[in-house]
Amino acid sequence: MRKGFTFVLAITIPLASPGEALSEQKIDEAFADFIVRYQKEYHSEAERNRRRELFAKTLMDVVAANEEHNEEAGGSPPTVSGISSKYVADINAFADLSAKRIHSGVVVRGAHLDANYQFNDDLPESVDWVAAGAVGPVRNQLNCGCCYAIQAATMAEGRFQIKTGIKPLIPFSVQQIVDCSKSAGNNGCKGGNLVDTWVYVQNQGIVKESAYPYTAKDGKCKVSVVTSPANQCLADHDVKGWRGILPEDEPGLRAAVAEGPVSVNIHALSARFRNYRFGVMTPKECGEGNLNHAITIVGYGKTPENVTYWKVLNSWGPTWGEDGIGYVERITPGYPRGIKDG
């Protein structure tokens with residue numbers, strides 16, 4: 001008998017001394033290391049030169065951000081990774097991409113939900129669903145603008161694991177949502193929103209990822225796979241509903257995260273967000289702008305320095321943050337802003 005479910009939505013190499021400009025030689029050396037480390041292939045000299053130019057801009061952004069934080073810390077460079085340290089930027093696999101190119105892959109549309117989440121004041125001091133086994137390895141959306149699908153699958157599989165206690169966690173199919181939720185209003189690899197996604201999942205269910213693996217491109221919905229009971233983790237109407245949380249309702253969002261992973265929408269196009277390596281991001285790193293990317297909050301807590309944070313899971317692979325995990329200052333009003341599917 002099925003149970004009903006209700007869901008709630010590399011270390012930087014010191015390339016320059018403080019205040020010292022990066023030399024072309026140092027940029028070339030760093031770019032050569034970047035190409036090897038991330039197995040980059042360029043099809044022409046013109047493309048290589050263009051990517052080197054973009055890489056140089058990213059490298060300068062990384063150095064400038066870290067110098068600024070070093071000055072704020074009294075000149076002491078960050079040496080400790082993790083949530084006990086300040087924000088640190090680093091080069092990752094996106095360092096040779098333009099902001100426009102990255103934007104094409106972070107497409108999530110806004111949606112309205114009634115904000116009616118109820119909670120009590122008896123909440124745990126900290127929550128970590130990664131440590132609890134309710135969060136799988138970070139996914140990489142690659143060239144497909146399907147962050148909405150990844151975060152919905154991440155939240156659903158996490159809540160399913162918490163509800164059933166099944167271990168190890170069963171990954172749910174992202175590709176099913178990409179291919180099949182167009183009927184609910186989504187646009188596959190060209191973007192979508194979490195409400196349309198949950199309308200689809202509520203009506204059609206969702207299968208395990210091994211039955212419908214990720215391809216990072218639009219495809220025709222595999223109806224026979226989706227409707228097979230042997231493949232289904234959630235059948236139609238196993239999901240009973242979803243609820244929203246107001247942008248600045250920190251206690252409500254914390255209560256939702258105490259129950260399981262929660263999907264939220266953020267602004268993800270600031271250079272400091274893209275270049276994040278470890279530490280706690282502040283409003284300066286998060287930037288301001290339209291909400292254009294979906295991530296999953298997978299916990300919350302407090303650093304040894306008493307800085308409160310949200311623990312978040314991105315969908316840009318393991319080179320962003322700490323194996324895809326980041327930390328955002330929790331006391332920041334209105335950030336991250338998101339919806340809770342419950």
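A short reminder: the numbers here are calculations on the coordinates, not readings from a lab. Not measured: the values here are computed from a predicted model. Here Cβ is always computed from backbone atoms with ideal geometry, including for glycine, and neighbour counts include all displayed protein chains.
Between beta-carbons, use under 12 Å as the cut-off and find the net charge around ARG50, counting Lys and Arg +1, Asp and Glu -1.
Values: positive: ARG48, ARG51, ARG52, LYS57, ARG101; negative: GLU45, GLU47, GLU53, ASP96.
That works out to +1.
Applying the Karplus parametrisation 6.51 cos²θ - 1.76 cosθ + 1.60 with θ = phi - 60° to the phi angles of the stretch 307-317, what ³J(HN,Hα) value in whole Hz is obtained for each residue in order, glycine and proline being reported as x?
Once rounded to whole Hz, the list reads 8, 7, 8, 9, 9, 10, 10, 8, 10, 10, x.
Given a cut-off of 23 Å, what percent of all Cα-Cα pairs of the stretch 103-329 lie beyond it?
Result: 44 percent of Cα pairs exceed 23 Å.
May I ask you to list the lysines whose Cα is less than 16 Å away from that of LYS217, ignoring any residue fewer than eight positions away on the same chain?
The reachable lysines, counting only those whose Cα sits under 16 Å from LYS217, are LYS182, LYS190.
Within the stretch 120-212, which GluC sites (Glu not before Pro) sit in a loop by DSSP and count at most 10 neighbouring Cβ atoms inside 10 Å?
GLU125
How big is the charge dipole of the stretch 197-301 about its Cα centre, in debye rounded to the nearest 20, if each Lys and Arg gets +1 on its Cβ and each Asp and Glu gets -1 on its Cβ?
Result for the stretch 197-301 is approximately 380 debye, rounded to the nearest 20.
Counting pairs of Cα atoms in the stretch 138-179, how many percent are more than 11 Å apart?
When every Cα pair of the stretch 138-179 is considered, 63 percent fall beyond 11 Å.
So what are the ³J(HN,Hα) numbers for the stretch 259-269, from phi and the Karplus equation (6.51, -1.76, 1.60; θ = phi - 60°), rounded to whole Hz, Gly and Pro as x?
So the J values, rounded to whole Hz, are 8, x, x, 10, 7, 9, 9, 9, 8, 10, 9.
Residue farthest toward the positive end of the dipole of the stretch 103-329, with Cβ of Lys/Arg at +1 and Asp/Glu at -1: which of ALA153, VAL130, GLY244?
Toward the positive end, the furthest listed residue is ALA153.
In the neighborhood of ILE35, defined by Cβ-to-Cβ distances under 13 Å, what is the net charge if each Lys or Arg adds +1 and each Asp or Glu adds -1? Working shown, then result.
Numbers: positive: ARG37, LYS40, ARG48, ARG51, ARG52; negative: ASP28, GLU29, ASP33, GLU41, GLU47, ASP96.
Here the charged neighbours net out to -1.
Within the stretch 103-329, what percent of beta bridges assigned by DSSP are antiparallel, to the nearest 5?
Taking every DSSP beta bridge within the stretch 103-329, about 85 percent pair in antiparallel fashion.
Amide H neighbours of LEU234 under 5 Å, counting only residues 5+ apart in sequence or on other chains, H built in-plane at 1.01 Å?
The answer is ILE206.
Taking just the alpha-carbon atoms of the stretch 245-333, what radius of gyration and Dmax come out, in angstrom?
Rg and Dmax of the stretch 245-333, Cα atoms, are 12.2, 33 Å.
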